[in-house]
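Some notes on the structure that comes next.
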Amino acid sequence: MANKPLPAGSAPSADSLKTQMPARKVVKKTGAGILHDILVEEGVEVIFGYGGGAIMPTFDQFYKSPVRFILTRHEQGAGHMADGYSRATGKVGTAIVTSGPGATNLTTALATAYMDSIPMVAISGQVATAAIGNDAFQEADVVGVTRPVTKHNVLVKDVRDLPRTIREAYFIARTGRPGPVLVDLPKDVQVAALDIEDDGELNLPGYRPRSKGNMRQIRLAAEAINAAERPVLYVGGGVILAEAAEELRQLARQGNIPVTTTLLGMGAIDELSDEKLALHMLGMHGSAYANYAVQGCDLLIAVGARFDDRVTGKLETFAPQARIIHIDVDPSSIAKSVEVDIPVVGDAREVLLEMIPLIRYSERAAWFEQISRWKQRYPFTYQQKDDAIKPQYVIEQLSRLTEGQAIIATGVGQHQMWAAQFYRWRFPRQMITSGGLGTMGYGLPAAIGAAIGCPNRPVIDIDGDGSFLMTANELATAAQYNIPIKVVILNNHFQGMVRQWQELFFEKRYTATEMVNPNFARLAEAYGCKGLELRDPKDVPGVLEEMLNTPGPVVVDAHVAREENVYPMVAVGKSLHEMEMGGLS
Amino acid sequence: MRKHILSILVQNQPGVLAHIAGMFAARGYNIDSLVVGRTEDPDLSHMVIVSIGDDATLEQVRKQLGKIVPVVKVRDLSEQTCVERDLLLIRVHCPPDKRIELRQLAEVFRGNIVDFGPRTVVIQLTGPEEKIEAFVELCRPYGIKQLSRTGVIAMSRDTQPVEAAPLPHKPKGRRRAGAAMVAASMPSDDGPPLPPS
């Protein structure tokens with residue numbers, strides 16, 4: 001332009017500019033545009049989010065887009081929905097929120113997903129790069145805040161790094177031990193034009209997740225399994241995440257090995273069709289027969305599980321007679337809390353596929369006889385009453401009416417444990433629950449996310465009154481998009497699990513656990529959902545059936561026995577076999 | 001409990017140091033010293049962390065470091081022979097009549113006097129931590145006015161003596177005990193008693 005002066009007062013025409021541009025491939029997209037297009041490329045079908053100033057250029061991209069946008073009522077809800085969507089479908093969930101409070105509200109959901117290794121990508125708006133560090137309006141150090149609760153996070157300061165960063169985020173979220181990844185996106189980067197064609201390459205020299213297991217270790221493990229007289233498979237969420245349930249079932253059948261699952265491993269085996277092998281859940285509120293089997297076994301085969309303190313009880317006396325095989329994709333999970341004899345680092349599915357051909361069938365008659373005695377003597381049980389609805393009964397009826405085919409989300413607390421105990425789990429990705437972090441309020445938004453991901457399955461949130469009320473505002477989301485979730489609130493007007501501990505360990509001093517609740521059925525109606533009430537045990541099957549047959553979102557307020565306790569219970573600091581049975585056996 | 005020298009190669013990105021230091025703090029691991037600097041590759045930085053702990057804990061530290069995405073490589077140099085160097089600057093009280101004495105002391109440790117004042121002297125010294133600490137102890141009687149250390153940087157030696165080869169991986173973790181006690185308290189009234197372990 002310098003050597004071709006223009007007539008004074010005239011702007012350069014588009015044509016004259018074009019001819020003078022260098023002859024490289026120009027992509028005329030803003031940061032927000034490129035973000036949108038990469039999300040589409042990554043196969044994102046739905047985004048959960050809540051807008052605000054610093055994310056508006058990105059939101060604008062979804063005005064007309066093949067990607068469905070679900071507006072939530074709180075950023076925590078958006079995060080849990082992305083998480084629930086991911087747990088139900090196996091795909092990476094996506095949430096988009098604004099800067100500052102938007103991002104800090106999302107933090108609980110990120111921590112929830114991180115503890116349970118759930119793949120999701122969160123995109124948070126950020127103030128413009130020039131304003132970062134100046135305490136600008138709605139500014140927060142989101143990368144700093146979320147670093148301990150994400151698998152990876154990054155602040156994008158240059159639009160040229162954006163395409164690679166987004167691709168890396170999805171890659172990191174879903175590979176290895178999955179987890180949440182946060183991308184913090186300043187407003188000026190969202191509007192900056194990208195003029196360089198992106199080559200699609202990733203720059204992750206230090207990120208090498210292991211998938212194949214070491215064959216020597218796999219052979220050692222197989223030999224130990226074939227030699228064991230009393231083996232137990234202890235199966236965690238890693239089997240679900242690795243899509244290894246089918247292989248796990250094969251291994252259990254071929255080796256004739258009983259299987260106990262953690263809270264996150266429920267559905268890894270079909271508890272009805274593989275009834276003989278199923279020991280149900282283990283741990284603090286696990287079945288007596290699972291806990292006895294773990295304490296009595298001579299070989300414990302941990303697959304995709306991490307020896308959480310709620311599972312092991314007192315570590316020094318955990319599985320004291322057993323050699324331990326530990327199959328896990330994360331080397332840092334191995335030997336973290338419990339000594340392991342045969343570690344196998346690798347993807348659960350790949351390792352099991354290599355292992356299955358090496359496994360021989362064995363009758364193990366004495367072991368199964370022992371287990372069936374335990375099962376007969378100490379089943380999950382409760383005392384039925386005529387004048388009060390037992391929460392366990394409601395879940396049993398739900399299990400029966402849905403034939404174990406529903407996806408079940410839960411909050412956290414007593415109702416969550418009863419759901420794990422009394423629903424019969426049949427398929428992977430069936431249980432959507434916050435295990436590691438124990439996030440109350442998780443159930444409703446997670447159920448909405450799951451229902452959006454799996455529109456052809458019934459999705460039921462079994463919730464507690466305390467948990468439900470933490471995120472009840474998301475009923476507005478369910479109503480707005482007509483998401484047909486069914487919510488069963490086991491309402492005991494208490495923060496029940498804490499009340500149980502107060503009863504057992506604090507001499508019934510019920511400090512700040514009693515709740516005066518709203519009328520949940522009418523609350524649901526006010527949100528535009530169907531509300532039902534349940535007060536008489538006789539009505540349980542009828543009302544649940546009505547709930548299941550009513551289209552759209554439905555809330556059932558089930559007034560249950562107020563001071564029911566969850567048993568068995570292994571108190572903190574006790575060994576797994578030292579269970580309180582609550583006088584039930 | 002012993003001293004471990006961790007050599008960590010990281011991608012040269014903002015926030016990596018905070019990430020690593022935060023992980024140590026969050027998991028209750030200890031940092032004795034931490035040095036970070038450039039390498040021959042502008043995309044990579046080299047970090048040396050000295051941490052005191054038992055072998056099982058340090059194995060966890062190493063694994064947790066490995067999980068941090070921008071961490072490219074982690075090695076525990078104390079499993080092999082290595083060259084470690086710490087740099088010390090120490091200002092010691094030094095009236096004129098002590099100058100010769102302190103100069104001789106520095107010479108024995110191959111240190112250099114880098115600043116003289118009317119009543120103080122600044123000595124620079126490099127070497128492994130033990131040597132630095134011995135020198136500091138010897139300076140103490142003169143009166144230490146100021147002391148600053150860089151922390152250890154380290155590199156493995158090219159040739160390793162045979163006996164110093166890294167041990168085959170032996171998994172660690174909390175030891176379990178009490179098998180007989182547990183077996184005795186298991187319910188045995190309704191089945192064959194469990195065989196003793």
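The values are calculated or read from the model by the stated rules, or taken from the named source; none is laboratory data. All figures in this text were calculated on a predicted structure; none of them were measured in a lab. Don't worry about glycine lacking a Cβ; one is built from the backbone with ideal geometry, like all the others, and counts go over all protein chains shown.
Can you pull out the residues in the stretch A:460-478 that are outside any helix (DSSP H, G or I) and without any contact (Cβ under 8 Å) to a residue 60 or more places away in the chain? Please lay out each step first, then the result.
At the first step, the residues of the stretch A:460-478 found to be outside any helix (DSSP H, G or I) are A:460-464, A:471.
Across the stretch A:460-478, the qualifying residues are A:ASP461, A:ASP463, A:GLY464.
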| Among the residues of the stretch A:411-443, how many are touching a Phe, Trp or Tyr at 6+ places or on another chain (Cβ under 7 Å) and among the hydrophobic types (A, V, I, L, M, F, W, C)? | 3
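Being crowded, with 22+ Cβ neighbours inside 10 Å, closer than 23 Å to A:LYS187 by Cα and not hydroxyl-bearing (Ser, Thr, Tyr) is the requirement here; does A:ILE118 meet it? Before the answer, list the steps.
Details: crowded, with 22+ Cβ neighbours inside 10 Å: yes; closer than 23 Å to A:LYS187 by Cα: no; not hydroxyl-bearing (Ser, Thr, Tyr): yes.
Taking the combined requirement at face value, the residue does not satisfy it.
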| remark: When the stretch A:393-431 is checked residue by residue, the ones that are assigned to a helix (DSSP H, G or I) and among the charged types (D, E, K, R) are A:GLU396, A:ARG400
| Mind checking which residues of the stretch A:147-195 are of a type in the set (Asp, Glu) and more than 20 Å from B:LEU17 (Cα to Cα)? | A:ASP158, A:ASP161, A:GLU168, A:ASP188, A:ASP195
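Go through the stretch A:292-313 and count every residue that is within 10 Å of another protein chain (Cβ to nearest Cβ) and either in contact (Cβ under 8 Å) with a residue 40 or more places away in the chain or surrounded by fewer than 24 Cβ atoms within 10 Å (Cβ to Cβ) (or both). Spell out how you get there, then give the answer.
Residues of the stretch A:292-313 that are within 10 Å of another protein chain (Cβ to nearest Cβ), as a first pass: A:292, A:295-298, A:307, A:312.
Subset that is either in contact (Cβ under 8 Å) with a residue 40 or more places away in the chain or surrounded by fewer than 24 Cβ atoms within 10 Å (Cβ to Cβ) (or both): A:292, A:295-298, A:312.
Number satisfying all stated conditions: 6.
Have a look at A:ALA521, A:ALA512, A:ALA526 and point out the one that is in a helix (DSSP H, G or I), surrounded by fewer than 16 Cβ atoms within 10 Å (Cβ to Cβ), in the same structural domain as A:GLY453 (by TED's automatic domain parsing) and more than 25 Å from the chain's Cα centre (by Cα).
Every option except A:ALA526 fails the conditions.
For every residue, the table says whether it meets (1) surrounded by fewer than 20 Cβ atoms within 10 Å (Cβ to Cβ); (2) more than 14 Å from chain A (Cβ to nearest Cβ); (3) not polar (S, T, N, Q).
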site: B:LEU9; (1), (2), (3): yes, no, yes
site: B:ARG27; (1), (2), (3): yes, no, yes
site: B:ASN30; (1), (2), (3): yes, yes, no
site: B:THR39; (1), (2), (3): yes, no, no
site: B:ILE68; (1), (2), (3): no, no, yes
site: B:ARG75; (1), (2), (3): yes, no, yes
site: B:HIS93; (1), (2), (3): yes, yes, yes
site: B:GLN104; (1), (2), (3): yes, yes, no
| request: Consider only pairs whose beta carbons are under 9 Å apart and that are at least six residues apart or on different chains; among these, list those whose first residue lies in the stretch A:370-381 and is more than 13 Å from A:LYS276 (Cβ to Cβ) and facing chain B (nearest Cβ under 7 Å) and whose second residue is among the polar types (S, T, N, Q) and exposed (fewer than 15 other Cβ atoms within 10 Å of the Cβ). | output: A:ARG377/A:SER585
| Lone unmet requirement of (1) within 14 Å of chain B (Cβ to nearest Cβ); (2) assigned to a helix (DSSP H, G or I); (3) surrounded by 23 or more Cβ atoms within 10 Å (Cβ to Cβ) for A:GLU316 | (3)
| task | Say whether the condition of being at pLDDT 95 or above, assigned to a strand (DSSP E or B) and of a type outside the set (D, E, K, R) is met by at least one residue in the stretch B:53-70. | result | no
| Within the stretch A:140-174, tally of residues that are in contact with a Gly (Cβ under 9 Å, 6 or more places away or on another chain) and not in a helix (DSSP H, G or I) | 9
| said: Looking only at the stretch A:320-360, count every residue that is within 7 Å of chain B (Cβ to nearest Cβ) and of a type in the set (Gly, Ala, Ser) and tell me the total. | reply: 3
